[in-house]
Amino acid sequence: MESRDLLLTAFDDVEEAVRGAVEGIDPELLNARVDPEANTVAWLAWHLTRVQDDHVSEVAGIEQAYTANGWADRFGLPFDPTAIGYGFSSTDVGRTQVTDPQLLVDHHADVHSRTAEFLRTVTAADLDRVVDERWDPPVTLGVRLLSVVGDDLQHAGQAALLRGVLERR
């Protein structure tokens with residue numbers, strides 16, 4: 001098995017987890033909070049997709065889907081289009097209002113498609129390429145991609161748990 005095939009499978013798992021957490025959810029639950037400081041299903045799905053879009057687009061050398069494919073306009077959120085949710089305050093999370101679960105699903109599907117397209121071009125040697133020298137040791141492409149998978153799966157799991165809690169209230 002090629003390394004890229006493992007990465008493709010991992011990102012397929014992310015997409016499946018996002019769909020499971022968001023698809024068909026009651027729109028009123030998207031922005032519900034279990035306490036005033038908690039994240040929402042909408043914010044978690046939007047954020048994990050923005051992180052994937054940002055990080056994969058950077059290493060692929062392409063514009064992010066969020067701006068290139070009009071997602072920033074469709075979401076209409078009160079943030080700079082470069083925002084990915086990193087460092088957001090509780091107030092910012094609350095301002096991330098999404099009323100259509102399908103918007104989140106479709107956005108993630110677009111980012112996933114672009115991720116898969118890039119991954120199909122990656123060789124084993126490419127995974128050793130340094131993509132971020134701000135860290136010690138510098139971050140390679142392989143480490144960056146695995147970091148995105150891990151972060152995305154954690155957030156998708158949080159969204160799924162939160163959905164379950166909210167649906168049982």
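Only the coordinates and a few stated rules stand behind these numbers; no lab work does. Predicted, not measured: the structure shown is a model, and the values here were computed from it. Cβ atoms come from the backbone with ideal geometry, glycine included; neighbour counts cover every protein chain shown.
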Which one of Val105, Thr49, Ala32 has its Cα pushed farthest toward the positive end of the charge dipole of the chain, where Lys and Arg give +1 and Asp and Glu give -1 at the Cβ?
-> Ala32
Bin by bin, in steps of 10 Å, what percent of the Cα pairs in the chain do you find, going until the bin that has the longest distance?
-> 10, 39, 34, 14, 2
Starting from the amide H of Thr140, placed 1.01 Å from N in the peptide plane, find each other amide H under 5 Å away whose residue is 5 or more places distant or on another chain.
-> Val131
Just need the relative contact order of the chain here, percent rounded to a whole number, with Cα pairs under 8 Å and 6+ apart.
-> 40 percent
Not counting the cut sites, what is the longest span of the chain without GluC sites (Glu not before Pro) that DSSP labels loop and that have at most 15 other Cβ atoms within 10 Å?
-> 64-132
Which residues make up the longest stretch of the chain clear of chymotrypsin sites (Phe, Trp or Tyr not before Pro) that lie in a DSSP loop with no more than 14 other Cβ atoms within 10 Å, not counting the sites?
-> 1-85
Under a point spin-label approximation (7 Å from Cα along Cα-to-Cβ), what is the Ser90-Gln154 distance to one decimal in nm?
-> 2.1 nm
What trypsin sites (Lys or Arg not before Pro) in the stretch 114-146 are in a loop by DSSP, with at most 15 other Cβ atoms within 10 Å of the Cβ?
-> Arg120, Arg129, Arg134
Which ³J(HN,Hα) values, rounded to whole Hz and listed in residue order, are derived for the stretch 46-54 from phi using the Karplus coefficients 6.51, -1.76 and 1.60 in 6.51 cos²θ - 1.76 cosθ + 1.60 with θ = phi - 60°, glycine and proline given as x?
-> 5, 4, 5, 6, 5, 4, 4, 4, 4
Rank Thr67, Leu77, Thr115 by how far each Cα sits towards the positive end of the charge dipole of the chain (+1 on Lys, Arg Cβ; -1 on Asp, Glu Cβ) and give me just the farthest.
-> Leu77
Value at 222 nm in deg cm²/dmol, rounded to 500, when DSSP H runs of n ≥ 4 in the chain each add -39,500 (n - 2.57) | -19500 deg cm²/dmol
In degrees from 0 to 90, rounded to the nearest 10, what is the angle of the helix 3-22 Cα long axis to the longest principal axis of the chain?
-> 0 degrees
With +1 on each Lys and Arg Cβ and -1 on each Asp and Glu Cβ, how big is the dipole of the chain about its Cα centre, in debye rounded to the nearest 20?
-> 300 debye
